[in-house]
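Comments concern the structure below.
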Amino acid sequence: MSNVEAIARPAPEAEAEDPHVNGMAAYDALVAEAEADYAGYWARLAREFVTWKTPFTRSLDDSNAPFFKWFEDGTLNVSYNCLDRNVERGLGNKVAIVFEADDGQVTRVTYSDLLARTCRLANALKARGVRKGDRVVIYMAMSVEGVVAMQACARIGATHSVVFGGFSAQSLRDRIEGAGAVMVITADEQARGGKHLPLKAIVDDAIALGGCESVKDVIVYRRTGGPIDWQPSRDHWMHEETEGQPEVCEPEWVGAEHPLFLLYTSGSTGKPKGVQHSTGGYLLHAALTTKWTFDLKDDDVFWCTADIGWVTGHTYIAYGPLALGATEVVFEGVPSYPDAGRFWQMIQDHQVSVFYTAPTAIRSLIKLAEGDAAVHPARYDLSSLRILGSVGEPINPAAWEWYHRHVGGGRCPIVDTFWQTETGGHMITPLPGATPLVPGSCTLPFPGIAAAIVDETGNDVPHGQGGILVVKKPWPSMIRTIWGEAERFRSSYFPPELKGYYLAGDGAIRDAETRYFTITGRIDDVLNVSGHRMGTMEIESALVACTDLVAEAAVVGRPDDTTGEAICAFVVLKRARPTGDEAKKIATELRNWVGREIGPIAKPKEIRFGDNLPKTRSGKIMRRLLRSLARDEAITQDTSTLENPAVLAQLAEKN
Ligand code: WT7
């Protein structure tokens, strides 16, 4: 998806009244401050944005690179910063969360309520023996209880690992085992798009798969009342556990480097990586970016449509907005239910002023609005909006224009925020009221972030030339390690040839004139499907795990109008190559298999069969050819080194 041409388009000025970062001169001044005294800049902000129990005396500690430490001797508690601090500031009766359920029912939770609920659950967790440093897996859908569970873990110093509710029992099992979790917090079921889908049953299956012996208790939030199995010695209802627990719970004051959470994400090789985040540096960047990138003010209503199962839901639902004492919308359902006007209806009903969503959602809503005028944003009063955001994948200029015009009424700046699970918060993004916008470009680094584009040896490439996106200096919210895999952390993110720079895994280009960044896509075997990150190797492993059927499999991505990228799998069966109806039947079977192994988000959109895969004489799969085949392009590459050119015709055939 090349949006490099977009860079030449006219740039509408970002507008915002009295913005926190007021104009490019203010942006430049912050950049200059960070350049002049890097550690001092971050220390100033860490004092401004975070309330410390014990103040830190050191900012950055880079003595053991790449295992950087920030504000290490300071102590704090994230839940204190998000809840008590706001109540103490007189915001106790302010609405923290406007929760809208799948069926449209709305619940409002004030800061005082949220604090009381967090304390009661925190006390309940302690009563079950959860201690500082223990890992707790949270496998829940979007709910107030999900946010409360995260805050309760933070309150007692337990490290949470939220697993997206769309992951399968097998994936959940791997994450429980990887984290060595002592507890799983889940719900009986989740309500999505008018349907009830299992959660507790999947936890049961995950634990039954084995390897989860560390789990002593499962806490179950009753969401639907649907039928579930019950193991009395292990399973406990959340409402019974919290009943009678005091509404006060002294926060566990932890060191700034204490792991607040792990979040598993896909890499190009091997099993998903347990990205470990800190407490102090993470909270700083969550609060700071929420304030500056969204120009968030006290009377804003903020809505991030992400799920708490992804990092966006951590930083911009569970932590950032609450640290600022904001009012935010939390939505249980899906954008297309009961119809594709749901987002616009909710913006109107809740007077949302800052709206943050993913390009894939916008693209699918464009399609639906074009087919049905009744769900077009023009039918709703969206005048409360003042800022729009985009995250997770490149936003193509056409979707950008539609979002700007039809959702933002031509008035709202769009912040195209580039970042990653590993970065904890925004890295490259416009700031409303400062940065002139260019559709398709995430524009300039957040002040203090040393983003750059280099070649394979770590040398800067000239502007206008594509290269590898790196970050040259450590920053407070960066990944600290991969849980239990320090060497993998070092080799994945700090390869020796890149001079100690952080390797993002994306390609990028800077415009020669504006210096703006445009992300050109992953440079590794990681796909981005609907803003969800998937490793091709992970899907290949899932396919070949179907040992009755599959001999060999290779997975590549191809551009897709709605999902950004689509998963295309090339499969060699242990039996003869199927054709016609049989091929369709086996493809469906394999798609469902991958759904069970990883989760529905990993199901290949297309599966093609061959007697073999295109290989060189040394047996290496020629993925470049597979990418061309997946795009239905004519093969123009040199195929003379190919051992078995005949399979190309087979693999070009669709089922
Ligand atoms: C990958 C990170 C960021 C939180 C959600 C995804 C891609 C993310 C953008 C953007 C172009 C983007 C990159 C990145 N990406 N935001 N604004 N423009 N690409 O987090 O699952 O860790 O995925 O998403 O490829 O590396 P994630």
The lysines whose Cα lies under 25 Å from the Cα of K200, excluding any fewer than 8 residues away in the same chain, are K126, K216, K271, K273, K603
Contour minus Cα-Cα span, R222 to Q465, at 0.36 nm per residue, comes to 82.0 nm
Counting sequence-distant residues (5 or more places) and residues on other chains, those with an amide H built under 5 Å from that of T159 are G133, D134, R135, V136
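Kindly identify segment 203-327 as rounded, prolate or oblate by the Cα gyration tensor criterion: order the square roots of the eigenvalues as a ≥ b ≥ c, call it rounded if a/c is under 1.5, otherwise compare a/b with b/c, prolate if a/b is larger, else oblate.
prolate
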Per the 1/(1 + (r/R0)^6) rule, R0 = 56 Å and r from the Cβ atoms of K367 and W253, FRET efficiency to 0.05 is 0.65
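For the chain, what is the percent of antiparallel DSSP beta bridges, rounded to the nearest 5? Walk me through the intermediate numbers first.
On the way: 55 of 95 bridges.
In the chain, DSSP labels about 60 percent of beta bridges as antiparallel.
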For segment 445-542, listing GluC sites (Glu not before Pro) in a DSSP loop whose Cβ sees at most 10 other Cβ atoms within 10 Å gives E456, E513
Excluding residues fewer than 8 positions from K291 in its own chain, the lysines with Cα under 22 Å of it are K94
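In the neighborhood of A569, defined by Cβ-to-Cβ distances under 10 Å, what is the net charge if each Lys or Arg adds +1 and each Asp or Glu adds -1? Show your work: numbers first, answer last.
Values: positive: R591, K603, K605, R608; negative: E540, E606.
The answer is +2.
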With R₀ set to 51 angstrom, the calculated FRET efficiency between the beta-carbons of Y337 and N644, to the nearest 0.05, is 0.60
A correct Karplus calculation of ³J(HN,Hα) over segment 235-250, with 6.51 cos²θ - 1.76 cosθ + 1.60, θ = phi - 60°, whole Hz and x for Gly and Pro, returns 9, 9, 5, 4, 5, 6, 5, 8, 4, x, 6, x, 7, 10, 8, 4
Expressed in nanometres to one decimal, the distance between label points 7 Å along Cα→Cβ at E497 and R234 is 4.7 nm
Restricting to lysines and to Cα separations under 18 Å from K472, and discarding same-chain partners fewer than 8 apart, the set is K69, K499
One finds the C-alpha centres of segment 53-94 and segment 591-655 to be spaced, in Å, by 49 Å
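Hey, what did the chain get for relative contact order, percent, Cα under 8 Å, at least 6 apart?
Numbers: 1479 pairs, mean separation 93.4, N = 655.
Relative CO of the chain lands at 14 percent.
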Taking a label point 7 Å from the Cα of K94 along Cα-to-Cβ, the residues of segment 283-311 whose backbone nitrogen sits under 19 Å from it are 283-304
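Contact order normalised by length for segment 552-603, with contacts defined as Cα pairs under 8 Å and 6 or more residues apart; what percent is it? Don't skip to the end; give the middle numbers.
Details: 39 pairs, mean separation 12.9, N = 52.
After rounding, I find 25 percent.
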In whole Hz, the Karplus estimates of ³J(HN,Hα) for segment 300-310 (6.51, -1.76, 1.60; θ = phi - 60°; x where Gly or Pro) are 6, 10, 9, 9, 9, 8, 5, 9, 5, x, 10
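How much length, in nm to one decimal, is gained on full extension between E456 and A374, taken as 0.36 nm per residue of separation minus their Cα-Cα distance? Each step should come with its number before you reach the end.
On the way: separation 82, 0.36 × 82 = 29.52 nm, distance 5.11 nm.
The E456-A374 span can extend by a further 24.4 nm.
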Between the alpha carbon centres of segment 374-446 and segment 14-33 the gap in Å comes to 18 Å
Expected unfolding gain across E487-T51 under the 0.36 nm per residue rule, minus the alpha-carbon gap, is 153.6 nm
For the chain, the dipole about the Cα centre with charges only on Cβ (Lys and Arg +1, Asp and Glu -1), to the nearest 20 debye, works out at 940 debye
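Taking square-rooted eigenvalues a ≥ b ≥ c of the alpha carbon gyration tensor, is segment 61-180 rounded, prolate or oblate, where a/c under 1.5 means rounded and, failing that, a/b exceeding b/c means prolate?
oblate
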The long-range amide H neighbours of V415, using H built 1.01 Å from N in the peptide plane and a cut-off of under 5 Å, are L388, G389, S390
Per the 1/(1 + (r/R0)^6) rule, R0 = 25 Å and r from the Cβ atoms of R411 and D349, FRET efficiency to 0.05 is 0.80
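Which of rounded, prolate or oblate describes the chain when judged by the alpha-carbon gyration tensor and an a/c cut-off of 1.5? Intermediate results must be reported in sequence, preceding the final value.
Working: a/c = 1.41, a/b = 1.18, b/c = 1.20.
In terms of gyration-tensor shape, rounded.
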Lys and Arg at +1, Asp and Glu at -1: neighbours of L382 with Cβ under 14 Å from its Cβ sum to +3
Note, S492: beta-carbon cut-off 11 Å, +1 each Lys/Arg, -1 each Asp/Glu, net -1
Here, A634 and E589, labelled 7 Å along Cα→Cβ, have an inter-label distance in nm of 3.7 nm
E606 and A36 label points (each 7 Å along its Cα→Cβ direction) are spaced in nm at 5.6 nm
Note to self: C-alpha centroids of segment 455-484 and segment 237-291 sit apart, in Å, by 25 Å
Under the Karplus relation with 6.51, -1.76 and 1.60 and θ = phi - 60°, whole-Hz ³J(HN,Hα) for segment 396-405, x at Gly and Pro, equal 6, x, 5, 5, 4, 4, 5, 4, 5, 7
So, relative contact order of segment 68-183 in percent, Cα under 8 Å, 6 or more apart, is 25 percent
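Values in this text are rule-based calculations from the coordinates and carry no lab data. This structure is a prediction, so every number in the text was calculated from the model and none was measured. Reconstructed Cβ throughout: ideal geometry from the backbone, glycine too, with neighbour counts over all protein chains shown.
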